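Below: one structure, written as structure tokens.
The values are calculated or read from the model by the stated rules, or taken from the named source; none is laboratory data. Quick caveat: nothing in here was measured; it's all calculated off a predicted structure. Note: ideal-geometry Cβ built from the backbone for every residue, glycine included; neighbour counts use all protein chains shown.
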Amino acid sequence: MTKDLDTRGKTLDHLAAAAGRFKPRGKVVDIRDYGHGNVHGTFLVTLDSESEKHFILQRINTQVFHRPELVMLNMRTCTEHVHKRLQRAPLSEGRCWQTPYVLLSRDGLDHWIDPGGSFWRAISFIEGSQSFDIIQDIEHGREVGTALGMFQSLISDLPAERLADTLEGFHVTPRYLRHYDEVLARKGAVKSPEVNYLLRFVSERRGWAPILEEARAQGRLSLRPIHGDPKVNNVMIDTATRRAISMVDLDTVKPGLVHYDIGDCLRSGCNPLGEETMRWETVRFEPDLCRAVLQGYLLLARDFLTENDYEYLYEAIRLIAFELGLRFFTDYLEGNVYFKARHGEHNLARALVQFKLTESIEFQRATIDAIIRDMR
């Protein structure tokens, strides 16, 4: 047996051991990588069971989530709240919603720590659904917006203080800017046309970066429960009805501004080329997709958004695109220590995409403002 085959065999044995700790209702017959996440190790486990054919197994990145037990507490608090909401007030006919639930380990815990110290969890799989990295068409865009509106609506009456702040400073742009300054001072930057463009881009916008946090400090915006990472590929679409059926990846559920969510959703959804394109010069924010997402979102979000919330919607779209570009660029400068990178320049390329998207958002401000105004 070659060394590679031997290593793969040991890896599969290790994954099978982890999967077996979570009381599967059948024998594990297959385990494979799943999704395109940048943080955790995520695997789809297949069982020889009719009642439960699959579940998701994840190895939590404890370099990112230093208190993974609090991540699990938030997830259970959120999903239990949603289940109770749906029991009290079922959705209108024709709309189905599923929330992933946590599978307990054989010890009755919501996680398992292996002998090497890795933190594992298992989550139910939403059968008969699929996700997409980019919005496929206008109707899909509307369903993406509906999914976020549905999720935020279902947790809108969950007191934010019941959730732990599992990622202190997450989406607080001024903190990312301070970290960027520290890394740049410590590491420097190997100059190139692309790096020079990114350095200049940050310099020209740094004074505007605190806009949402300043609004919160002034009492114009308030903390509420949020999803934290409502990218397009975290919205599950029913393969039969083509309607949104769930939002997954609940690691970042925590107190925050709803603007982080809708800003990230629109940043993710209104770039038809996607986050991983190499054609960064042609990246463009698509206003027709923005209109579709907001149509779906505001149909449900109108019940809990305030007048001040509407005033900062455009700034949220612009800021979250800038923020993610800043984070990618900082990680590149630091040596790719946070986001998974397939090669040394991967996070540099990602940063270019997000900053070009920010430019496009800025250029189309009048159009985006008009869309928001028409939807109110």
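Quick rundown of the values:
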| item | result |
| --- | --- |
| Identity of the residue in segment 92-108, surrounded by 12 or more Cβ atoms within 10 Å (Cβ to Cβ) and over 19 Å from the mean Cα position of the chain (by Cα), that ends up farthest from Ala122 (Cα to Cα) | Arg95 |
| Segment 85-108, residues that are on the phi > 0 side of the Ramachandran plot and hydroxyl-bearing (Ser, Thr, Tyr) | none |
| Arg121 part of a strand (DSSP E or B), under 20 Å from the mean Cα position of the chain (by Cα), among the basic types (Lys, Arg) and farther than 25 Å from Leu148 by Cβ | no |
| Residues satisfying the stated conditions in segment 128-163, i.e. assigned to a loop (DSSP other than H, G, I, E, B) and not small (Gly, Ala, Ser) | Phe132, Asp133, Ile134, Ile135, Gln136, Asp137, Asp157, Leu158, Pro159, Leu163 |
| Any pair with Cβ under 9 angstrom, 6 or more apart, that starts in segment 326-343 at a residue that is under 17 Å from Glu275 (Cα atoms) and at pLDDT below 90 and ends at one that is surrounded by fewer than 23 Cβ atoms within 10 Å (Cβ to Cβ) and β-branched (Val, Ile, Thr) | Tyr338/Val39; Tyr338/Val64; Phe339/Val39; Lys340/Val39 |
| Any pair with Cβ under 7 angstrom, 6 or more apart, that starts in segment 84-101 at a residue that is closer than 20 Å to Ser129 by Cα and ends at one that is surrounded by fewer than 13 Cβ atoms within 10 Å (Cβ to Cβ) and modelled with pLDDT under 80 | Trp97/Leu91 |
| Any hit, segment 174-191, residues being within 18 Å of the chain's Cα centre (by Cα) and either within 30 Å of Gly296 (Cα to Cα) or not assigned by TED's automatic domain parsing to the domain that holds Ile262 (or both) | no |
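For every residue, the table says whether it meets (1) under 22 Å from Val172 (Cβ atoms); (2) buried (at least 20 other Cβ atoms within 10 Å of the Cβ); (3) in the same structural domain as Arg224 (by TED's automatic domain parsing); (4) of a type outside the set (Lys, Arg).
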position: Gln295; (1), (2), (3), (4): no, no, yes, yes
position: Leu313; (1), (2), (3), (4): yes, yes, yes, yes
position: Ile317; (1), (2), (3), (4): yes, yes, yes, yes
position: Ile320; (1), (2), (3), (4): yes, yes, yes, yes
position: Tyr338; (1), (2), (3), (4): yes, no, yes, yes
position: Glu345; (1), (2), (3), (4): no, no, yes, yes
position: Gln354; (1), (2), (3), (4): yes, yes, yes, yes
position: Ile361; (1), (2), (3), (4): yes, yes, yes, yes
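Results for (1) under 19 Å from Met375 (Cβ atoms); (2) among the polar types (S, T, N, Q); (3) without any contact (Cβ under 8 Å) to a residue 40 or more places away in the chain, shown as yes or no for each residue.
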residue: Arg279; (1), (2), (3): no, no, yes
residue: Val283; (1), (2), (3): no, no, no
residue: Pro287; (1), (2), (3): yes, no, no
residue: Leu299; (1), (2), (3): yes, no, no
residue: Arg302; (1), (2), (3): yes, no, yes
residue: Leu305; (1), (2), (3): yes, no, no
residue: Glu315; (1), (2), (3): yes, no, no
residue: Arg318; (1), (2), (3): yes, no, no
